[in-house]
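Participant: My structure is below; once you've seen it, I'll send some questions.
The values are calculated or read from the model by the stated rules, or taken from the named source; none is laboratory data. Predicted model only: the values in this text are computed from it and were never measured. Cβ atoms come from the backbone with ideal geometry, glycine included; neighbour counts cover every protein chain shown. In case anyone asks, the SASA skips ligands and DNA or RNA and just uses the protein heavy atoms, side chains included. Shrake-Rupley method; radii C 1.70, N 1.55, O 1.52, S 1.80 Å.
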Amino acid sequence: MDFLDIDLLDCPICQGPGLMEEESGWCVYVMCLDCGCQTAEIAFRTRDERKAAAQSAADLWNMGKVVSPAPGS
């Protein structure tokens, strides 16, 4: 499954593009390609959980619930 059917808004911090990432088959998160902020990692175990985890990560991103790597933020 790819993540093309999940809509992502622009980065809540810098308005850059967001990218859904999968980490070694155990979690997904969304990361900004410009400033590097990202959502929490949402863990999954099964194919069905993977899709739900991806949607949860997208929901966090679209609500602006991100962590920035910038100092003091």
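Participant: Look through Asp59, Asp48 and report the one residue that is among the charged types (D, E, K, R) and farther than 17 Å from Leu8 by Cα.
Facilitator: Asp48
Participant: In segment 1-16, what residues are within 14 Å of Val66 (Cβ to Cβ) and open to solvent by 60 Å² or more (accessible area, probe 1.4 Å)?
Facilitator: Result: Leu9, Asp10, Ile13, Gln15.
Participant: For segment 39-69, what are the residues that are open to solvent by less than 50 Å² (accessible area, probe 1.4 Å) and not in a helix (DSSP H, G or I)?
Facilitator: Of everything in segment 39-69, those that are open to solvent by less than 50 Å² (accessible area, probe 1.4 Å) and not in a helix (DSSP H, G or I) turn out to be Thr39, Ile42, Phe44, Gly64, Val66, Ser68.
Participant: Can you find a residue in segment 17-38 that is assigned to a loop (DSSP other than H, G, I, E, B), touching an Asp or Glu at 6+ places or on another chain (Cβ under 9 Å) and open to solvent by 70 Å² or more (accessible area, probe 1.4 Å)?
Facilitator: Taking every residue of segment 17-38 in turn, at least one turns out to be assigned to a loop (DSSP other than H, G, I, E, B), touching an Asp or Glu at 6+ places or on another chain (Cβ under 9 Å) and open to solvent by 70 Å² or more (accessible area, probe 1.4 Å).
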